[in-house]
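Novice: Have a look at this one.
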Amino acid sequence: MLIDTSTLSDGQSLDADVCIVGGGAAGISIARALANTALKVVLLEGGGFAPTERSQELYDGEMATIYREGTSRAGYDRTYVGRSRLRYFGGTTNHWNGWCRPLEPSDFATRDWVPRSGWPVTRELMDPWYAKARELVEIPEFEEDHGYGRKPDRRQVCLADNADIVTRLFHWSPPTRFGKRWRQPVVDAPNVRLILEANVLRLAGTEGRDAVTHAEVQIEDGPRIQVRAKRFVVSCGGIENARLLLLSELGGDNVGRFFMEHPHVSHVGQIVILDQQGTKGLTDLYFAARKDKRAGGRSMGVFATSDAFQKEHQSLAFCLQLRDRKKEKLNKVGKALLEVGPTVRDLGTDVEGHPKTPYGGRLFARGEQVPNPDSRVTLTDETDRLGLRKARLAWQLGDQDLQSIHTSMEAFARHFGSTGIGRVRIKLKSPDEWPKTRGGDHHLGTTRMAADPTQGVVDAHCKVHGIDNLYMAGSSVFATSGFANPTFTITALALRLADHLKGLP
Amino acid sequence: MSTRREFLVASAAVLGGVLGASLVGCGGGGDVTRVQADVAALLPEGAATVGKAWKKLDGDDDDPGTALFDDLAAAGVDVTDNAALGAGLRRLILDDFAQRRTAEVKGWVLSVSECRLCALAA
């Protein structure tokens, strides 16, 4: 039920079995899973059902991206902290693009060349929750089938995997806007009280900091109330989860550390496609990013480095996407390669000045970064209008992250050559100079999952180490990032947590 | 000895890479020098661009044609047989990528053998 906040009064205390702080993908998934159970649930959402500047400004913070130690790039996209997330019901799913893919089994495993890698859960353990999450993100059964979701008359040629390079599929969610799509089941549930415009100021702990007693909540233009609950779930997103724990002085020294993004290099290279055998299929499957989505296609192939390659070269998870670019400009050698290659038709778009192909395209890379304790969310001395210290994000990338991009790109170039598909231009500079890099608005790892409390914030059940009744949900619990977009995994983890909560006395 | 038509089909079908289709119509057999000249004459203009860019790199061969055809001979390719030449070039180029015998020419990762081939036209 939706609570009319005008009925609340200053100092009022609400009681619940579970108090969920934050109504994004994770919070809504948990509320929906707990709907119509015997549990009394309060779901606190900072915004309303629609975006407002007044609510969004509470996400403003400071950005200090440092690519490599000693080469500060502070000032890089100063708006990132504020604009990369959304503060209203549905959270950041309100601008989600819909990419779905589970993390790879190897992403959950300990890799001895990746510091602090390894989750205390396995992909096998997560598989049933991924299966359940499909309903929430509205994708059909996730099949490793290259013909998935496509018209039967369309070719689905996929490059054969080899020892170094494999094809991996993303599936498209519509994308599901959780705040609209799943609002009604939450509002209709008699055991769930949804309170909008409920700004959580802090979580109050017991004297020994081993349990949370209540949440202090300032209703927008309304009273200040408390929510007391047996258990609290914080699901405000990767930056805000850390901020709330820091403001509440809960969770220990690892809170806010290990911030990870998926480094996106949108101009990592170019490709001239030459091989007539594979290109129609490549167009269908790999060039599906925009065109096919609009046409109702539901899957897209990317190239990824294999587990064996990563192990041999001590590299990180990495994927490469082909993007069709009608105006992709090639240098002299690139144009010459077009000229000497065989004519390839039927590709849909052309390179400027070369109207009937071969085809030039852009390569877009997305990688993993090593969990780094110095890449972190902290608090500034500046406060917002509620008097809460703002978040400061220092996203820091390291040498291994950059080296991995180089190593992986060289492998892709060899792969396209050895399969005869085409030739690749690597547009990276020196091995120690970062190319223009941005993130995917993915905020990961700030309350990371680790069996060892010294290495993380939450345990395998997303419970904060040392605090009996506090759980974290969302991308902040990711121990490592893989290359896949996080929403699907966020949802799967949230459903698993909800199931755990249901089973507690 | 294959016919010109056979060479066209063989090279276009099996090379399938940068230069395969360009070699169609290469003249029939003869000695290596003549074959090199025939191939060079058939390469499109763009090959010269690639070849020149490659030759500017440090460590390029003094005589790329000889180096290329030596490799073909070492691989047991009868370069006077057009079909064998097309297949041999294809194998050489694919092997180059597999064995990391590549060069970065203006950013493009190319097989050393295809660079040498292009250099014939440069």
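The values are calculated or read from the model by the stated rules, or taken from the named source; none is laboratory data. Nothing here was measured: the structure is a model prediction, and the numbers come from that model. Counting neighbours? That spans all protein chains shown, and the Cβs are built from the backbone with ideal geometry, glycine included. These accessible areas exclude ligands, DNA and RNA; they are computed on the full protein's heavy atoms, side chains included. Shrake-Rupley method; radii C 1.70, N 1.55, O 1.52, S 1.80 Å.
Novice: Tell me the residue from B:VAL105, B:VAL112 that is surrounded by 21 or more Cβ atoms within 10 Å (Cβ to Cβ), more than 8 Å from chain A (Cβ to nearest Cβ), modelled with pLDDT of 90 or more and over 9 Å from the mean Cα position of the chain (by Cα), please.
Specialist: Every option except B:VAL112 fails the conditions.
Novice: Something else about it: Would a scan of region A:36-44 turn up a residue that is closer than 27 Å to A:LYS390 by Cα and either among the acidic types (Asp, Glu) or open to solvent by 10 Å² or more (accessible area, probe 1.4 Å) (or both)? Explain how you work it out, then say what you get.
Specialist: Going residue by residue through region A:36-44, those that are closer than 27 Å to A:LYS390 by Cα are A:42-44.
Imposing the further condition that a residue be either among the acidic types (Asp, Glu) or open to solvent by 10 Å² or more (accessible area, probe 1.4 Å) (or both) reduces the set to none.
Looking through region A:36-44, none of the residues is closer than 27 Å to A:LYS390 by Cα and either among the acidic types (Asp, Glu) or open to solvent by 10 Å² or more (accessible area, probe 1.4 Å) (or both).
Novice: Then there's this: With A:GLY503, A:GLY445, A:GLY482, A:GLY456 as the choices, which residue is of a type outside the set (A, V, I, L, M), open to solvent by less than 10 Å² (accessible area, probe 1.4 Å) and farther than 30 Å from A:TRP172 by Cα? Spell out the reasoning first.
Specialist: Working: A:GLY503 fails: open to solvent by less than 10 Å² (accessible area, probe 1.4 Å); A:GLY445 fails: farther than 30 Å from A:TRP172 by Cα; A:GLY482 fails: farther than 30 Å from A:TRP172 by Cα.
Matching residue, one of A:GLY503, A:GLY445, A:GLY482, A:GLY456: A:GLY456.
Novice: Does any residue in region A:307-321 that is at negative phi come within less than 6 Å, Cβ to Cβ, of a residue that is polar (S, T, N, Q) and surrounded by 24 or more Cβ atoms within 10 Å (Cβ to Cβ) six or more places away or on a different chain, and which pairs are these?
Specialist: Final answer for the pair search is A:SER315/A:SER404; A:SER315/A:SER408; A:LEU316/A:SER404; A:PHE318/A:THR305; A:PHE318/A:SER408.
Novice: Further question: Under 30 Å from A:ARG323 (Cα atoms) and within 21 Å of the chain's Cα centre (by Cα): which single residue out of A:GLY256, A:GLY238 fits that description? Lay out the reasoning, then the answer.
Specialist: Details: A:GLY256 fails: under 30 Å from A:ARG323 (Cα atoms).
From the options A:GLY256, A:GLY238, the qualifying one is A:GLY238.
Novice: Which residue is farthest from A:LYS332 (Cα to Cα), if the candidates are limited to region B:74-87 and must be open to solvent by 10 Å² or more (accessible area, probe 1.4 Å) and of a type in the set (Gly, Ala, Ser)?
Specialist: Out of the qualifying residues, it is B:GLY76.
Novice: Can you confirm whether region A:380-393 contains a residue that is open to solvent by 20 Å² or more (accessible area, probe 1.4 Å) and under 30 Å from A:ASN331 (Cα atoms)?
Specialist: Within region A:380-393, not a single residue is open to solvent by 20 Å² or more (accessible area, probe 1.4 Å) and under 30 Å from A:ASN331 (Cα atoms).
The rows are residues; the columns are (1) under 20 Å from the mean Cα position of the chain (by Cα); (2) within 18 Å of A:ALA494 (Cβ to Cβ); (3) small (Gly, Ala, Ser); (4) open to solvent by less than 10 Å² (accessible area, probe 1.4 Å).
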{"position": "A:GLY27", "(1), (2), (3), (4)": "yes, yes, yes, yes"}
{"position": "A:ALA33", "(1), (2), (3), (4)": "no, yes, yes, no"}
{"position": "A:LEU58", "(1), (2), (3), (4)": "no, no, no, yes"}
{"position": "A:ASN97", "(1), (2), (3), (4)": "yes, no, no, no"}
{"position": "A:CYS100", "(1), (2), (3), (4)": "yes, yes, no, yes"}
{"position": "A:PRO105", "(1), (2), (3), (4)": "yes, no, no, no"}
{"position": "A:SER117", "(1), (2), (3), (4)": "yes, no, yes, no"}
{"position": "A:TRP129", "(1), (2), (3), (4)": "yes, yes, no, no"}
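Novice: Give the residues of region A:423-442 that are open to solvent by less than 30 Å² (accessible area, probe 1.4 Å) and either among the hydroxyl-bearing types (Ser, Thr, Tyr) or at pLDDT below 85 (or both), sorted by residue number.
Specialist: Narrowing region A:423-442 to residues open to solvent by less than 30 Å² (accessible area, probe 1.4 Å): A:423-424, A:426, A:428, A:434-435, A:437, A:439-440, A:442.
Residue satisfying the conditions is A:THR437 alone.
Novice: A further question on this structure: Looking at (1) open to solvent by 30 Å² or more (accessible area, probe 1.4 Å); (2) at pLDDT below 90; (3) facing chain A (nearest Cβ under 9 Å); (4) under 22 Å from A:MET409 (Cβ atoms), which is the only condition B:ARG90 fails?
Specialist: Evaluating B:ARG90 over (1) open to solvent by 30 Å² or more (accessible area, probe 1.4 Å); (2) at pLDDT below 90; (3) facing chain A (nearest Cβ under 9 Å); (4) under 22 Å from A:MET409 (Cβ atoms) leaves (4) as the failure.
Novice: Which condition number does A:GLY466 fail, the rest of (1) away from chain B (no Cβ under 14 Å); (2) in a helix (DSSP H, G or I); (3) open to solvent by 20 Å² or more (accessible area, probe 1.4 Å); (4) touching a helix residue (DSSP H, G or I) at 6+ places or on another chain (Cβ under 7 Å) being met?
Specialist: Status for A:GLY466: all satisfied but (2).
Novice: Please go through region A:170-219 and pick out each residue that is more than 30 Å from A:LEU322 (Cβ to Cβ), part of a loop (DSSP other than H, G, I, E, B) and either open to solvent by 30 Å² or more (accessible area, probe 1.4 Å) or free of Cβ contacts under 8 Å to residues at least 24 places away in the same chain (or both).
Specialist: Across region A:170-219, the qualifying residues are A:PRO190, A:GLU197, A:THR206, A:GLU207, A:GLY208, A:ARG209, A:ASP210.
Novice: Is one or more of the residues making up region B:50-73 within 14 Å of chain A (Cβ to nearest Cβ), surrounded by 22 or more Cβ atoms within 10 Å (Cβ to Cβ) and over 17 Å from A:VAL424 (Cβ atoms)? Break it down into steps so the answer makes sense when it comes.
Specialist: Here is the first cut: in region B:50-73, the ones within 14 Å of chain A (Cβ to nearest Cβ) are B:50-57.
Going one step further and asking which of them are surrounded by 22 or more Cβ atoms within 10 Å (Cβ to Cβ), we end up with B:50-51, B:53-54.
So of that shortlist, the ones also over 17 Å from A:VAL424 (Cβ atoms) come out as B:51.
Yes; the residues of region B:50-73 include at least one that is within 14 Å of chain A (Cβ to nearest Cβ), surrounded by 22 or more Cβ atoms within 10 Å (Cβ to Cβ) and over 17 Å from A:VAL424 (Cβ atoms).
Novice: Also, I was wondering about something else. Looking only at region A:233-287, which residues are hydrophobic (A, V, I, L, M, F, W, C) and at pLDDT below 95? Spell out the reasoning first.
Specialist: From region A:233-287, those hydrophobic (A, V, I, L, M, F, W, C) are A:233-234, A:236, A:239, A:242, A:244-247, A:250, A:255, A:258-260, A:265, A:268, A:271-274, A:282, A:285, A:287; that's our starting set.
Matches in region A:233-287: A:VAL265, A:VAL268, A:ILE271, A:VAL272, A:ILE273, A:LEU274, A:LEU282, A:LEU285, A:PHE287.
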